[in-house]
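*Asks:* Attaching a single structure in structure tokens format; questions to follow.
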Amino acid sequence: MTNLLTIKTTSRVGTERHHLSRRAMVRALQIVLATGFFMSGVIAPSLAGATDNTITVEISNFVYSPEVITVTAGTTVIWVNNDDTPHTVTATEEAFRSPPLDTEDTFKFTFTTPGEYAYFCALHPHMTGEVIARPIAG
């Protein structure tokens with residue numbers, strides 16, 4: 001059994017074959033599914049009554065993805081650096097600050113207080129994101 005998926009693409013120049021490792025396939029599928037669920041509103045409503053959730057933000061191509069997320073207070077956000085370049089996750093109001101994250105390093109922060117938390121990469125200030133923490137519905 002092979003650990004590669006072959007994707008065949010055709011262009012005006014000709015046909016090319018691209019090979020993806022199993023790890024790359026799984027990571028791509030996770031991103032596609034997470035994006036689809038967030039965009040459809042399936043995951044966000046299910047967080048309303050929970051207090052121990054985690055959400056992952058990918059850092060790739062000098063972008064936080066998703067750039068803006070809405071969570072329920074008590075949710076832990078995990079940032080994963082998928083770039084070959086170090087990045088940080090630094091709140092503009094100093095609520096949290098990661099050390100420089102190398103490739104595949106992670107940083108976690110639990111949003112216990114409702115509010116809007118803007119953040120940026122201290123090494124690349126054009127990279128920005130925001131976490132909106134809502135109160136737990138009671």
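The values are calculated or read from the model by the stated rules, or taken from the named source; none is laboratory data. This is a predicted model, so every value here is computed, not measured. As a convention, Cβ positions derive from the backbone with ideal geometry for all residues, glycine included, and neighbour counts pool all protein chains shown.
*Asks:* Mind checking whether some residue in segment 32-54 is surrounded by 11 or more Cβ atoms within 10 Å (Cβ to Cβ), part of a strand (DSSP E or B) and modelled with pLDDT of 95 or more?
*Replies:* Taking every residue of segment 32-54 in turn, at least one turns out to be surrounded by 11 or more Cβ atoms within 10 Å (Cβ to Cβ), part of a strand (DSSP E or B) and modelled with pLDDT of 95 or more.
*Asks:* Separate question: What single numbered condition from (1) among the polar types (S, T, N, Q); (2) surrounded by 20 or more Cβ atoms within 10 Å (Cβ to Cβ); (3) under 14 Å from Val57 (Cα atoms) fails to hold for Thr90?
*Replies:* (2)
*Asks:* Within segment 60-138, considering only strands (runs of 3 or more DSSP E) that don't extend past its boundaries, which have at least 3 residues that are β-branched (Val, Ile, Thr)? Working first, answer last.
*Replies:* Working: elements: 63-65, 68-72, 75-81, 106-111, 115-120, 128-134.
Of the strands (runs of 3 or more DSSP E) lying wholly inside segment 60-138, those with at least 3 residues that are β-branched (Val, Ile, Thr) span 68-72, 75-81, 128-134.
*Asks:* For segment 102-126, enumerate the residues that are on the phi > 0 side of the Ramachandran plot and among the small types (Gly, Ala, Ser).
*Replies:* Residues of segment 102-126 that are on the phi > 0 side of the Ramachandran plot, as a first pass: 104, 115.
Scanning segment 102-126 gives a single hit, Gly115.
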